[in-house]
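Below is one structure, written out as structure tokens; the observations come after it.
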Amino acid sequence: MISPFVAEAAGKQFHIRGGMLKGSYAATKIDANFSVIPSIDFEMEFFQSAKISTLVKANLTLDISKAKVFYSSIGAGQRYYFGGQGMLFDRIEGDYSFEGFSSSRYFLGWELGVAQALIQEYTATFSVVASVIELGILGGYSHQLSKNLALVVAAGGGYGMGFTTVSVSGLQMRGNLGLSFYF
């Protein structure tokens with residue numbers, strides 16, 4: 001059994017992942033669908049225990065050929081790990097200590113945030129953007145490459161409800177691959 005003592009230095013990790021984002025938003029007389037690569041996710045994760053963490057996140061989805069941001073978001077959420085510990089752990093027995101990590105683990109979590117999506121393009125310089133409150137889920141697999149580095153594959157999606165003048169509702173789905181850095 002793992003000791004309840006967890007190393008302070010191993011209580012955080014930073015994720016950077018890249019992939020594809022597909023969005024579908026609709027309102028009266030508006031129907032917007034897009035699928036864009038690259039979509040970049042940034043996350044900072046803070047562990048409450050070896051299997052539960054809180055995170056803050058940001059996403060930027062940019063169509064490089066058009067030089068347009070199709071989707072961006074900021075938010076927070078919680079992640080639950082299973083099939084292994086989410087972070088490094090220490091076990092202390094008498095004069096001996098052991099530091100270890102799970103070589104692989106799965107995760108599932110929820111996210112809540114604010115996002116902006118490109119809804120309608122009229123010209124190269126004039127577009128309509130809608131802001132939404134978004135609730136989403138994210139799941140994935142993480143494989144440890146070294147003590148402080150892991151390879152991560154993740155997929156998720158969310159439902160957004162508009163709260164601005166251009167009020168839309170819709171879905172976004174994303175899949176990505178990236179790295180996690182423990183510190």
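The values are calculated or read from the model by the stated rules, or taken from the named source; none is laboratory data. Everything numeric in this text was worked out from a predicted model, so none of it was measured. Here the Cβ positions follow ideal geometry from the backbone for every residue, glycine too, while neighbour counts run over all protein chains shown.
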Let me spell it out: the conditions are (1) more than 24 Å from GLY175 (Cβ to Cβ); (2) touching a Gly at 6+ places or on another chain (Cβ under 9 Å), and ALA58 meets all of them except one. Which number is the exception? (1)
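Quick check on my filter: what residues within the stretch 25-43 are part of a strand (DSSP E or B) and closer than 15 Å to VAL166 by Cα? Let's see the steps before the verdict.
Initially, the stretch 25-43 is screened for residues part of a strand (DSSP E or B), giving 25-27, 30-43.
Within the stretch 25-43, TYR25, ALA26, ALA27, ILE30, ASP31, ALA32 meet the criteria.
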Count of the stretch 103-129 residues which are under 16 Å from LYS22 (Cα atoms), within 21 Å of the chain's Cα centre (by Cα) and surrounded by 21 or more Cβ atoms within 10 Å (Cβ to Cβ): 3
Failed criterion for VAL69 (all others in (1) among the aliphatic types (A, V, I, L, M); (2) at pLDDT below 90; (3) over 19 Å from GLY157 (Cα atoms) hold): (3)
When (1) over 30 Å from GLN116 (Cβ atoms); (2) in a strand (DSSP E or B) are applied to ASN59, the one that fails is (1)
Mind checking which pairs have a first residue in the stretch 167-180 that is within 10 Å of TYR25 (Cα to Cα) and of a type in the set (D, E, K, R) and a second that is modelled with pLDDT of 95 or more and part of a strand (DSSP E or B), Cβ under 9 Å, 6 or more apart or different chains? none
Answer residue from the stretch 87-107, given it is more than 20 Å from SER53 (Cα to Cα) and among the acidic types (Asp, Glu) and is modelled with the lowest pLDDT among those: GLU93
